[in-house]
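The values are calculated or read from the model by the stated rules, or taken from the named source; none is laboratory data. Bear in mind the structure is a predicted one, so any value in this text is a computation, not a measurement. Every residue, glycine as well, gets a Cβ built from its backbone with ideal geometry; the counts of neighbours run over all protein chains shown. Surface accessibility is based on the protein's heavy atoms, side chains included, excluding ligands, DNA and RNA. Shrake-Rupley method; radii C 1.70, N 1.55, O 1.52, S 1.80 Å.
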Amino acid sequence: MCGIIGIVSDKPVSINIINSLKKLEYRGYDSAGLATLSNNLIDEKKCSGRVEELEKILIKNPSNGNIGIGHVRWATHGIPNIINAHPHSSEKVSVVHNGIIENSDELKKDLEEKGFKFKSQTDTEVITVLVTQFLENSKPLESVFKTLKKLKGSFALGIIFKNFPDIIIGARRGSPLAVGYSNDENYLGSDSYALKSMTNKISYLDDGELCMLSKNKVDFYDLNQKKINKKIYTVSDDENTTDKGDYKNFMSKEIFEQSNTIKKCLSEYTDSLKKDINIYNFPIEPKKINKIILIGCGTAYHSCLVAKYWFEELTSIDTEIDIASEFRYRNLKFKTNNLYIFVSQSGETADTAAALDICKKNNVKTCSIVNVVESTIARNSDWVLPIHAGPEIGVASTKAFLGQLIVLYILSLKLSIEREDIDKKNYDTYVENLTKLPEAIKKTFKLESEVQLIAKEFLDAKGSMFLGRGNSFPIALEGALKLKELSYLHAEGYPAGEMKHGPLALIEEGLPVIVIAPKDKYYEKTLSNMQEVIARGGKIFFITDNYNRLLSTNIRFRLRVPRVDSNLSPILLTIPLQLLAYHVASLKNCDIDKPRNLAKSVTVE
Ligand code: F6R
């Protein structure tokens, strides 16, 4: 999950390294560092904390090299401090690394026995020591290949060499790595986003590949050290997306952007004239699909959970869901007429990418629903359905979640009509209902001032619960996840009907309980479950789309979202929960865009 940048140029690179690191901070932000080569020396500068601290160090004491590497860290081995920050340098090389070296303890022990000394607690430093050792008898490229042979685990690497001041070597196994091209300057980066201000010409390394960059040339090699050619992509320019404008932070921008991002997504997938959905080229003919398996992590997993309800409701296809980190290690029976759908905002999540690889090895058809179309997951799947949400910078996923939901819903509708599970009249109504969504989302934003009042009531709480049934149950999970990750308040999401099987023991006088209850077939049941909570002292915050008077008086606060097609209510019900997490976190002065201990793109297992 760390971020890597490398630049080789004919002019000083440190300012561009800092600018790229700022863009990469979504991947990790507990420490930062850079190393350049100048006056035949490795000039390494590091700090704990954010890139702006590193920038201050550079302002006082500039680095002048024309070649350099930089890193933002999300700690895996060793606490976040200056010593453990990357780069890790010896007298001959400097290394930045994203990923985990699984056999680092073993390698370290061997090297220590041979007399090598280690400064940090990181797994990365073994790479520095190994490359340094191999350089005694080999050229840089060969030294890196020899080192890679010894490493187990996942990595993306950037390495510079004191005695070879014209080259950067990059290598990839498991963690993403991109190469960018410009005039008299070439780049290495964890993603194309970090390189966007410098170039839109990008190649992506595949697993096992290595690259050697000089300012005028990039060579690529495969596992067997054979030179290979790589495709050069022109990455798209997303307008308005990398700037937070008048918003205080990216998260608030991304929440309030949702009416537009959904409108854009709908315009990509629906034909308003023909009242149809533009999804073609199914990897398996719809009528022949036996089962759909939806796979994701975190918020993306929650969108899979909602989609399960839709696929079951609208199609005759049996549907399963799985958490990628579980899926990848289970003893599964793969079937060629099953469609495996991977949901991921970043398209780089290590567990999801590994689960996809397993499907590929088993020759089954894969689809990915991603925000980043140039990502590893998108490139490796048979069929890609982008969510068109534009870059999501806030670590907590908001607009990507709604985008994933829309694409999954549209897919379930299209499959349903193709398989003749619903008739054309119903299909037309469902498609028509979709067009009302952007306006309804805008109306939902008007609840913000009420949500701010509710947020105050969470400040002194010891914990909180989020309850829902049917397709509101995954929304309860998502609401709880948003609150805990942003405000660090304990929050549990539960199916309301499960409370009596244990969690009811947690309810005590004044505990905030959010009840999500749209007027659907579960409504009355949810109200009964709510009464059980009220009877035990829970403080109820009720979110619904029902505008009829509620008889219960023991409700602390009611929020009403606009009433839409009940299939679509999870989309609107999510918004007050995003706003709640946002406002509780603001009141607690938490870092909204960069919650503690987290990172945006989870490229480690
Ligand atoms: C929570 C959140 C995470 C991600 C998860 C998967 O707000 O953002 O739970 O949803 O790490 O990430 P992607 O979607 O990039 O695969």
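To the nearest 10 square angstrom, how much accessible area does CYS265 have with a 1.4 angstrom probe?
Here the accessible area works out near 0 Å².
Measure nothing but the geometry: give the 0 to 90° angle between the long axis through the Cα atoms of 473-487 and the longest principal axis through the Cα atoms of the chain, rounded to 10°.
Helix 473-487 sits at roughly 50 degrees to that axis.
Could you work out how far apart the two model spin labels at LYS119 and ASN39 are, taking each label as a point 7 Å from the Cα in the direction of the beta carbon, and quote it in nm?
1.8 nm
Just add up the charged neighbours of VAL131: K/R +1, D/E -1, any other residue whose Cβ is under 14 Å from the Cβ of VAL131.
+2
Each residue of the range 69-83 in turn: what ³J(HN,Hα) in whole Hz from Karplus with 6.51, -1.76, 1.60 and θ = phi - 60°, glycine and Pro shown as x?
10, x, 7, 10, 10, 10, 4, 10, 10, x, 5, x, 9, 5, 5
Provide TRP310, TRP383, TRP74 ordered by accessible surface of protein heavy atoms (probe 1.4 Å), highest first.
Order by accessible area, largest first: TRP74, TRP383, TRP310.
Take peptides 558-565, 173-180 and line them up by average Cβ neighbours within 10 Å, highest first, as a rough protection proxy.
Result, highest mean first: 173-180, 558-565.
At LYS335 and GLU91, where each label point lies 7 Å from the Cα along Cα→Cβ, what is the point-to-point distance in nanometres?
Output for this residue pair reads 6.5 nm.
Relative to the longest principal Cα axis of the chain, at what angle does helix 523-534 sit, 0 to 90 degrees, rounded to 10?
On a 0 to 90 degree scale, this one is about 80.
Within the chain, what percent of beta bridges assigned by DSSP are antiparallel, to the nearest 5?
Just about 60 percent of them are antiparallel.
What percent does the relative contact order of the range 256-435 come to when contacts are Cα pairs within less than 8 Å and at least six residues apart?
27 percent
What accessible area per residue comes out for the chain, rounded to a whole number of Å², with a 1.4 Å probe?
41 Å²
If you stretched the chain out fully between ASN216 and ASN290, how much longer would it get, using 0.36 nm times the residue separation minus the C-alpha to C-alpha distance?
So the extension gain works out to 21.5 nm.
Based on the mean of other beta carbon atoms within 10 Å per residue, what is the order of 296-305, 40-49, 58-67, most packed first?
Result, highest mean first: 296-305, 40-49, 58-67.
On the Cα set of the chain, report Rg and Dmax in Å, please.
25.5, 82
Can you pull the one-decimal nm distance between simple spin-label points at LYS436 and GLN531, each 7 Å off the Cα toward Cβ?
Result for the modelled spin labels: 3.1 nm.
Based solely on its DSSP helices, what 222 nm [θ] is calculated for the chain when runs of n ≥ 4 H residues each add -39,500 (n - 2.57) and the sum is averaged over all residues, nearest 500 deg cm²/dmol?
Calculated mean residue ellipticity at 222 nm is -10500 deg cm²/dmol.
Name the residues whose placed amide hydrogens come within less than 5 Å of the amide hydrogen of GLU492, ignoring near sequence neighbours (fewer than 5 apart) on the same chain.
Residues meeting the amide H criterion: SER464, MET465, PHE466.
Take peptides 352-361, 143-152, 425-434 and line them up by average Cβ neighbours within 10 Å, highest first, as a rough protection proxy.
352-361, 143-152, 425-434
Averaging the inverse of every distinct alpha carbon separation and then flipping it gives the Kirkwood radius. What is it for the range 448-556, in angstrom units?
13.8 Å
As I understand it, the value is the acute angle between the Cα axis of helix 399-418 and the longest principal axis of the Cα atoms of the chain; what does it come to in degrees, rounded to 10?
60 degrees
How many percent of the accessible area of the range 33-190 is carbon or sulfur, using a 1.4 Å probe?
Carbon plus sulfur share of accessible area: 49 percent.
Please state the relative contact order of the chain as a whole percent: Cα pairs under 8 Å, 6+ residues apart?
12 percent
Could you calculate the FRET efficiency of LYS231 with GLU268 from 1/(1 + (r/R0)^6), where r is the beta carbon distance between them and R0 is 30 Å, rounded to 0.05?
Computed FRET efficiency for LYS231 and GLU268 comes out at 0.80.
Give the distance, in whole Å, between the Cα centre of the range 97-150 and the Cα centre of the range 441-481.
Their Cα centres are 48 Å away from one another.
Roughly speaking, what is the stretch gain from LYS146 to THR553, that is 0.36 nm per residue apart minus the C-alpha to C-alpha distance, in nm to one decimal?
Length gained between LYS146 and THR553: 139.4 nm.
Once you keep just the Cα pairs under 8 angstrom separated by 6 or more residues, what percentage relative contact order results for the range 3-235?
20 percent
Classify the range 388-517: rounded, prolate or oblate, from the alpha-carbon gyration tensor (a ≥ b ≥ c, eigenvalue square roots; a/c under 1.5 rounded; otherwise prolate if a/b is larger than b/c)?
Cα axes put the range 388-517 in the prolate bin.
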